[in-house]
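The values are calculated or read from the model by the stated rules, or taken from the named source; none is laboratory data. Not measured: the values here are computed from a predicted model. Cβ: placed from backbone, ideal geometry, glycine included. Neighbour counts: every protein chain shown. Accessible surface areas use protein heavy atoms only, side chains included; no ligands, DNA or RNA. Shrake-Rupley method; radii C 1.70, N 1.55, O 1.52, S 1.80 Å.
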Amino acid sequence: DAEIRGLGVEQLELLGAVTAVALSREMVAPTRAGTLVLEAGARERRILRLREEVILEASGVTDADLEARYQAAPEYELEVRHLVLLAEGWASEADRERARSEAEAALRRILGGEPFAEVAAEVSEEPGAATRGGLLRPGRRGTWVEPFWEAALALPEGGTSGVVETPFGFHVLRLESRTPLSFAEARPRVVRSVAATLGGGAAWEEARERALDEVEIIAPEEAPRPTLRTALAL
């Protein structure tokens, strides 16, 4: 509970999918059908990435263009310390008012000079907060629910938020550090975003046809291992 509380919907769905695949491979002997499904999914993702690169090349978009676009609006990894008074969506109005009031009181103590970590350890209702002083593992967009992320992102390093409401309750946040992600790490997402705005279906079809023209039909015993190029023909 301490590990997943506060994760955003996207992260929870991804965690569920990864867990399901891992458990299925651990509990059930791999089958040919299951292996083919995973291989087909991997091949589809490789082809989609290739399609995006073809569209960018046909449109004259260079890596320098992509990096300039990224540097204008970089992605960040944030380290956040917080405290939370729990009042989830089904809580009564009295419970919500209690949580909000206690969060506001904790904020007044912090703004009055008490160490954030000590106040969080004392009042936060998050499991494990007492031992961590409310410090969370570094997170990126999608790691936490959107109101939490936006509040953290808006803070300067060392800054403390007001009381922030999320589906879990009422938080007070302090931004410990903000680290830009490298362009190399963010490039696949930048490519995906730019390619989606360009369209470029015609360029992809032309590239696909050129690849198909290069496919040579040979006897099965002479066939090499499949490559991404031959995958385009499947």
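Val37 contributes an accessible area of around 100 Å² to the protein surface, as traced by a 1.4 Å probe with all chains present.
Amide H contacts under 5 Å for Ala87: Gly169, Phe170, restricted to partners 5 or more places along the chain or on a different chain, H placed in the peptide plane at 1.01 Å from N.
When Leu83, Leu50, Leu23 are compared by accessible surface with a 1.4 Å probe, the order from highest to lowest is Leu23, Leu50, Leu83. Arg49 contributes about 80 Å² of solvent-accessible surface, heavy atoms of the protein only, 1.4 Å probe.
Using modelled amide H (1.01 Å from N, peptide plane; none on Pro or chain starts), what sits under 5 Å from the amide H of Leu181, excluding residues fewer than 5 places away? The list, which skips near neighbours in sequence, is Glu75, Tyr76, Glu77. Label-to-label distance for Ala40 and Glu93 is 5.4 nm, based on points extended 7 Å past Cα in the beta-carbon direction. Over all projection directions, the Cα-based convex hull of region 35-157 averages an area of 12.8 nm².
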